[in-house]
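Participant: Supplied in C-alpha cells, the structure appears directly below.
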Amino acid sequence: MATPNALTSRKRRLHLAKPFWAATKHISAPSIPTPSARSWDVIIVGAGISGALMAEALTRKNRRVLIVDRRVPVRGSSIASTAMIQHEIDVPLHHLARRMGADAARTWRRSVRAVQDLQDLVARLGIACDMQAKQALYLTGDEMGHRAMRSEFEARQNADIACDYLDQAELMQRFGIDRSAAILSGTSASANPGQLTAGLLSVAQARGAEIASPVEITDLAETGDSAALATREGGVLTAEQVVFCTGYEFLPVMESRAHRITSTWALASRPRIARPDWLDRSLVWEASEPYLYFRSARDGRIIAGGEDMDDPEAYRDPARLHAKARRIALKLRNLCGIEIGSPAYVWAAPFGNTSDGLPIIDRVPGFSCAHAVMGFGGNGITFSMIAAQIIAARLSDKRDPDEELFAFR
Ligand SMILES: Cc1cc2nc3c(=O)[nH]c(=O)nc-3n(C[C@H](O)[C@H](O)[C@H](O)COP(=O)(O)OP(=O)(O)OC[C@H]3O[C@@H](n4cnc5c(N)ncnc54)[C@H](O)[C@@H]3O)c2cc1C
C-alpha cells in the first residue's frame, strides 16, 4: 500500500524511569490483541489522553470507533504528564498578539473554554481522577519582568480573560514569594492523568469502542472515500476517517520547523510534605528559561518539573536524572521554602513545543480522510480537549469556528 505519502510515526522512548502516576491505581484500560472487525467508522491511532478524549467525543456521536496503540494503553507521554490543566498558553498573550493580531485572544479564550469543558465532562461522566479546580500563579522570571507582566495582564483583561495582577508586596503578603509580580488566574485544574485517560477510554468502551494493543500502524493510504492502515503485524484496517493521536511520535509528513522535541524532567515527592495552605488550591509556574512549575497532589505530594533542555535526546541520559531532580528541589526551596528531601519518583521525558505555543489540529497534509492531533506544550491536555471538539465537529460535517487557528503550519 505504499503511496507517495507513505507514513509511519517515529518510535521513541516516551519516558526514562517510572513516572509517579504509573504507580497509582485505575490507570489501565482493557484491550484485545486483534480488532474484531476490519472496517470502522473511525480509527484512532494512540490510546493516550488525546485518543481517549477523541474516542469519548466520537462515541458520544454514535460512531463505531477502534483505538489502536503499539504500546499498552495509557503508557505513552500521558502517564508522564504532571497534569497541570491550564488555559495559560506557553507563549504569553501579548507576545502571541504580535504574531496573530486579534486571533491570539481567540486562541486564549478557546483555551479557557476547553479547561472548563474538560472539568464539566469529567464531572458529568463521573470519572474518578482526582480532578480538582485550581487557580494558577504565573510569576515573573528571567524571561519577563514586572513591566512585561503588567502588559500581559492588560492583554488578558482586554481579551476578557479573568485574572488579577499582584505586585511584589501583595505576592509576598498572600503567597510568601519574593518576585517582582505575578498574574493570578482562575479556570485551572489538576488531575491524575493516568486515571483521567483510562476513565475516558472506559466510557468509550462502554459505548462500543474497541481498543486493540499492541497494534502498530506502519502505513496509510486513501482509497476513494476511506482510509486504509497497514499494521506491523501484516494486517490492513479500513475506516471512513482516521485520527492520529500519536503524541510526540508524530508522522514524518507533519514535520515542520514550527515545532520541535525537547527534553524535560519531573519529580513527585513523598506524601504529606509540609507546605503552605495556598498550594493545595494552586498551580505555580514562572516566566523563566528553563522554568520551574509545581503543584500538590491530594495526598500532599509535591509534583514539580522543568529544567527543560533543547536537546531532544538529553532526557535519555540516566546520569542527568538525579542532578535535574536536585536542581528542581533546590529551586522549589529557594522560591517558597518547601523542603521535599529525596523525591519518591523522578522521571525524564521528551516534550514538544511549537514556536507559537499552539497545537496542530488538522488534516494530514495530502489526505482528506486522515487527521492529526499534535497537542504540544505545557498545556497539552487542554489542547487535546480542543482537538476532540474540533475533530468531532468536522466528522459530523460541522465546522468548528476556531479550527483555522490550529491549522498545520
Ligand atoms: C514530563 C511531562 C510533563 C507534562 N506536564 C503537562 C502538564 O502539566 N499539563 C499538560 O497539559 N500537559 C503536560 N504535558 C504534556 C502532555 O502530557 C501531553 O501533551 C499529552 O500527554 C499528549 O498526549 P497524547 O495522547 O497526544 O500522547 P501519548 O500519551 O504519548 O499517546 C500517544 C500514543 O500513540 C501511540 N502510537 C504512536 N505511534 C503509533 C503507531 N504508529 N501505531 C500505534 N500506536 C502509536 C503511542 O504508543 C502512545 O501510547 C507534559 C508532558 C511531559 C512529558
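Participant: In sequence order, what are the phi-derived ³J(HN,Hα) couplings for the stretch 240-248 according to the Karplus relation 6.51 cos²θ - 1.76 cosθ + 1.60 with θ = phi - 60°, rounded to whole Hz, with x for glycine and proline?
Facilitator: Karplus values, whole Hz, x for Gly and Pro: 5, 9, 10, 10, 8, 10, 9, x, 7.
Participant: Take the residue pairs K11/K134; K25/K324; K134/K331; K18/K61; K134/K398 and return only those whose Cα atoms are more than 31 Å apart. Each step should come with its number before you reach the end.
Facilitator: Details: K11/K134 35 Å; K25/K324 27 Å; K134/K331 22 Å; K18/K61 36 Å; K134/K398 33 Å.
In this structure, K11/K134; K18/K61; K134/K398 lie more than 31 Å apart at Cα.
Participant: Okay, next question. Can you tell me which of 66-78, 309-321 comes out highest on packing, and rank the rest after it, using the mean Cβ neighbours within 10 Å? Walk me through the numbers on the way to the answer.
Facilitator: Values: 66-78: 24.5, 309-321: 15.2.
Packing proxy ranking, top to bottom: 66-78, 309-321.
Participant: Charges at C-beta only: +1 for Lys and Arg, -1 for Asp and Glu. How large is the resulting dipole of the chain about its Cα centre, in Debye rounded to 20? Show your work: numbers first, answer last.
Facilitator: Numbers: 50 positive and 46 negative charges, 194 e Å.
Rounded to the nearest 20 debye, it is 920 debye.
Participant: Can you compute the FRET efficiency between S39 and K18 using 1/(1 + (r/R0)^6), with r the Cβ-Cβ distance and R0 = 51 Å? Round to the nearest 0.05. Please report the intermediate quantities before stating the final value.
Facilitator: On the way: r = 38 Å, r/R0 = 0.75.
The value I calculate is 0.85.
Participant: Considering amide H positions built from the backbone, and no H for Pro or chain starts, which residues 5 or more places from I44, or on another chain, come under 5 Å of its amide H?
Facilitator: Result for I44 returns L66, I67, V68, V243.
Participant: Tell me, what ³J(HN,Hα) does each residue in the stretch 294-310 have, in order and in whole Hz, if you take phi through Karplus 6.51 cos²θ - 1.76 cosθ + 1.60 with θ = phi - 60° and put x for Gly and Pro?
Facilitator: Using θ = phi - 60°, the values come out as 6, 7, 10, 9, 4, 8, x, 7, 9, 10, 9, x, x, 6, 4, 10, 5 Hz.
Participant: Sorted by average packing, counted as other Cβ atoms within 10 angstrom per residue and highest first, what order do 46-57, 218-229, 117-128 take? Write down the numbers at each step before the final one.
Facilitator: Working: 46-57: 29.6, 218-229: 17.1, 117-128: 15.2.
Final packing ranking: 46-57, 218-229, 117-128.
Participant: On to the next question. Based on DSSP H runs of at least 4 residues, each adding -39500 (n - 2.57), what is the mean residue ellipticity at 222 nm of the chain after dividing by all its residues, to the nearest 500 deg cm²/dmol?
Facilitator: Values: 8 runs with 113 residues, N = 409.
Calculated at 222 nm, the ellipticity per residue is -9000 deg cm²/dmol.
Participant: Find the centroid of the Cα atoms in the stretch 114-189 and in the stretch 369-390, then give the distance between the two in whole Å.
Facilitator: Taking the Cα centre of each part, the stretch 114-189 and the stretch 369-390 sit 22 Å apart.
Participant: Going by how many other Cβ atoms sit within 10 Å of their own, how do H94, H87 line up, fewest first?
Facilitator: Numbers: H94 20, H87 23.
With the fewest neighbours first, H94, H87 line up as H94, H87.
Participant: Okay, next question. If each residue's Cβ is checked for other Cβ atoms within 10 Å, how do E255, E216, E170 rank with the fewest at the top?
Facilitator: On the way: E255 11, E216 17, E170 14.
Ascending number of Cβ neighbours within 10 Å: E255, E170, E216.
Participant: Among K18, K331, what is the fewest-to-most ranking by other Cβ atoms within 10 Å?
Facilitator: Values: K18 13, K331 19.
Listed from fewest to most nearby Cβ atoms, that is K18, K331.
Participant: Provide, for q = 0.07, 0.08 Å⁻¹, the log10 of I(q)/I(0) from a solvent-free Debye sum over equal Cα point scatterers in the chain.
Facilitator: The calculated log intensity ratios at q = 0.07, 0.08 Å⁻¹ are -0.31, -0.40.
Participant: Once both axes come from the Cα atoms, what is the angle between helix 318-336 and the longest principal axis of the chain, in degrees from 0 to 90, rounded to 10?
Facilitator: Rounded to the nearest ten degrees, it is 40.
Read the figures in this text as sums done on the coordinates, not as results from a lab. None of the values given here were measured: they were computed from a predicted structure. As a convention, Cβ positions derive from the backbone with ideal geometry for all residues, glycine included, and neighbour counts pool all protein chains shown.
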